[in-house]
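Student: One structure, as structure tokens, below. Some questions next.
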Amino acid sequence: MIDRIDETLFDALERVRDVGPLGTDDEASDERRDDDAVRTDGGSDGWTDAESPTSRTLHGVVHGQDGPYACGEGGLLLGRDDEWTILLERGPGVSDNTLRDIAATDDGCRVWFAGDSGALGYYDVADGHLSDYTAPMEKTSTWEAIAVAGPTGEEHVRIANGSGEVLDCTVEDGCPVWGDVVEPGGGSTIPGVTAGPNGFYAIDTSGGAYREPATLSGESDASDDTEDAGDEWEHIGVRNAEVDFQDVWAGDDEVFIAGADGIAYWYDPDCENWTPLHVGQGALQAIRARGSDTLAVATGGRLYEREASIRWTELESPTEKSLFGLALARSSADVDDGLATAPLDVAVGAGGVVLERDRSDR
């Protein structure tokens with residue numbers, strides 16, 4: 001008898017748990033369907049956990065002419081058409097050296113990537129051609145970051161390593177021409193470098209930020225003095241920086257640095273002034289802006305979006321895995337000659353996680 005009573009109570013508790021203490025069965029079912037919908041679409045903020053073809057960590061992502069590309073552990077290169085697929089299993093040198101960063105030409109027709117043991121190469125989007133330029137200038141240390149400016153075949157490239165060095169490269173007659181190797185700072189690791197309209201920017205782990213002006217980097221009206229451009233990096237901050245820097249991004253009239261402890265720094269080139277911003281929790285790993293959109297990703301699967309000049313909101317995320325790379329959707333205004341665009345914001349990270357947000361209505 002006692003066993004039967006216990007079974008009856010158990011059944012009743014299960015019934016209460018399923019139906020809820022208030023409301024009808026239909027109301028409870030509707031609530032459960034709503035909850036399921038939230039879990040499926042990654043939350044009201046629209047981020048979804050895309051199906052990834054790998055469990056290897058992905059460190060960087062960028063939009064090419066035909067869609068996003070991501071690089072990561074073991075020399076992995078992924079591309080996305082209707083779905084994400086593996087393009088390279090073992091990197092540009094058919095080795096398993098991890099690729100740390102990825103960048104695309106202005107027209108998106110060529111994707112460059114760099115990483116461990118001097119790994120360096122590019123992938124031509126149109127024909128799938130791979131070129132390996134590993135260990136340029138006999139440099140075999142880890143490339144931490146890469147930035148590209150200009151169209152395919154005329155691009156200017158900056159590659160930075162863990163020894164605080166930046167190698168400049170210009171593509172001439174279809175072939176890379178290597179310039180000087182310089183140290184913008186004091187030799188600290190350079191985890192981020194980016195190409196902006198006003199030149200190249202770099203950061204190091206000593207809290208330094210540096211700029212190479214556009215006229216020297218070859219982006220506009222370059223003269224015969226460009227072979228000495230690598231010597232012209234100028235220190236522009238950051239005064240009293242209190243966190244480690246992870247990433248840098250530059251736009252028309254502002255520069256962002258992503259740092260530890262949820263801190264970002266915003267730079268106003270006109271006033272030559274840096275302002276610290278509290279974004280949220282976790283170590284910020286990447287920050288990007290496009291138009292009115294500014295987003296950052298961090299450890300623990302955190303996603304942040306700037307709502308106003310100083311206010312940031314944490315978005316609902318479908319993962320708790322740390323995110324390391326971020327690429328924002330391109331619009332038709334971002335590319336020339338009617339090139340294809342990909343209406344997706346993409347974040348990548350640990351364990352091969354790939355998050356997407358459809359921005360076709362942007």
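The numbers here are math on the coordinates, done by the rules we state, and not lab data. On a predicted model such as this, the values are computed, not experimentally measured, just so you know. We place every Cβ from the backbone using ideal geometry, glycine too, and count neighbours over all the protein chains shown.
Student: Which shape class applies to the range 69-127: rounded if a/c is under 1.5, otherwise prolate when a/b exceeds b/c and oblate if not, where a ≥ b ≥ c are the square roots of the Cα gyration tensor eigenvalues?
Tutor: oblate
Student: Also, quick follow-up: Which length gain, in nm to one decimal place, applies between residue 126 and residue 154 when the Cα-Cα distance is subtracted from 0.36 nm times their residue separation?
Tutor: Computed gain between residue 126 and residue 154 is 8.4 nm.
Student: Would you mind getting me the FRET efficiency between residue 261 and residue 55? Use the beta-carbon distance for r and R0 = 30 Å, nearest 0.05.
Tutor: E(calc), rounded to 0.05, equals 0.55.
Student: With a ≥ b ≥ c taken as the square roots of the eigenvalues of the C-alpha gyration tensor of the range 50-358, please select rounded if a/c is under 1.5 and otherwise prolate if a/b is larger than b/c or oblate if it is not? All intermediate terms of the calculation are to be shown ahead of the outcome.
Tutor: On the way: a/c = 1.34, a/b = 1.03, b/c = 1.30.
Rounded.
Student: Same structure again: Along Cα→Cβ, 7 Å out, is where each label goes; now give me the distance between the ones at residue 83 and residue 320 in nm to one decimal.
Tutor: About 2.8 nm, to one decimal.
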